[in-house]
Amino acid sequence: MSAPNRKKDDICHLYKIPNTLNRVERLFFVIDFIAALISLHNNHLVRSFAVSIQIMSAFLYFILNVVDDGHFWYKAEKARRRNGIENGLGVRFSELETDGYYNNDCATSIEKYALNLLESNLYSKEISGKMIVFGIIKSGIAVIVLLLAYRFVDDYELLLIIAQTVFSAYIFVDTVMLLLYKARMENLFDEGYLALITPGVNNKSKEAVFLAYTVEYEAIKAHYKIRLDERIFNKNKEEYDKQWKQILSHKKAD
């Protein structure tokens, strides 16, 4: 996720478009829910209008999500992945720079790169955990809207059933992926902590362990494509920073 409160983060601006599109997608979700409630009205004209709004909002949500996820979010995440390598290994891939985005004093090496991602891993697992309740509520609303849509199956709104089925499934899958993402990040953080903070990995195999950890972290992010909530990040940033400093202090004490 983007981190606007860091000292310098040139990559942050790449997240502005996907974040804006994501807010528009949420707006369409709200519109769809409100239209579903209005569709309960007995007046045929009002009901037909509400159904049309549901169909439009569901399809627009889907289209925006595909464009957002397939292009803008990928572009931002690609830049973030490259920057983690740049910072960790002391190389340059682009003119985009960060200062203070990653926080550890390790010399440039595969270990520093792994520590960079361990810090991100900490934020990812904590923020995703706080997002789960909202995700479950959102899925519940999507199911309710789908059930409301089915009451019109005997009318002309077959397209509504198709749109809401796809829409609700999309929302539900997002929540399932969030739950899996949280679990994967928890387990991976424990692995990363063991490899990077707890002593015991011998010199011969440690670089391979570090590399395996970094590859798995990026693979989980790319596979589940979870958008970490920026408001949760900003609200809890100081707490997470303290946790990270405490974790690094354990490493220094080894």
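The values are calculated or read from the model by the stated rules, or taken from the named source; none is laboratory data. Because the structure is predicted, anything quoted here is derived from the model rather than measured. Neighbour counts are summed over all protein chains in view; Cβ atoms, including those assigned to glycine, are modelled from backbone coordinates with ideal geometry.
Within segment 78-118, the residues that satisfy the criterion of being of a type in the set (Asp, Glu) and either assigned to a loop (DSSP other than H, G, I, E, B) or more than 14 Å from Asp9 (Cβ to Cβ) (or both) are Glu95, Glu97, Asp105, Glu111.
Scoring Lys8 on the criteria (1) farther than 25 Å from Glu126 by Cα; (2) within 27 Å of the chain's Cα centre (by Cα); (3) in contact (Cβ under 8 Å) with a residue 12 or more places away in the chain; (4) surrounded by fewer than 14 Cβ atoms within 10 Å (Cβ to Cβ) leaves a single failure, condition (1).
Would you point out the residue of segment 144-159, among those that are assigned to a helix (DSSP H, G or I) and at pLDDT below 70, that is surrounded by the fewest Cβ atoms within 10 Å (Cβ to Cβ)? Quick ask: steps written out before the conclusion?
Step one: of segment 144-159, the residues assigned to a helix (DSSP H, G or I) are 144-150, 158-159.
Restricting the remaining residues to those that are at pLDDT below 70 gives 158-159.
Values: Leu158: 10, Leu159: 14.
Among those residues, the one meeting the criterion is Leu158.
A single member of Leu117, Leu60, Leu96 is touching a Gly at 6+ places or on another chain (Cβ under 7 Å), closer than 25 Å to Glu230 by Cβ and of a type in the set (A, V, I, L, M, F, W, C), and it is Leu117. Evaluated against (1) more than 20 Å from Lys130 (Cβ to Cβ); (2) modelled with pLDDT of 95 or more; (3) surrounded by 15 or more Cβ atoms within 10 Å (Cβ to Cβ), Leu248 falls short on exactly one condition, (2).
Looking only at segment 212-234, which residues are acidic (Asp, Glu) and under 25 Å from Ile110 (Cα atoms)? Step through it out loud before you land on a result.
Filtering segment 212-234 down to residues acidic (Asp, Glu) leaves 216, 218, 229-230.
Within segment 212-234, Glu216, Glu218 meet the criteria.
Look at (1) surrounded by 15 or more Cβ atoms within 10 Å (Cβ to Cβ); (2) closer than 30 Å to Leu160 by Cα; (3) free of Cβ contacts under 8 Å to residues at least 40 places away in the same chain and you find that Ala58 fails only one, number (3).
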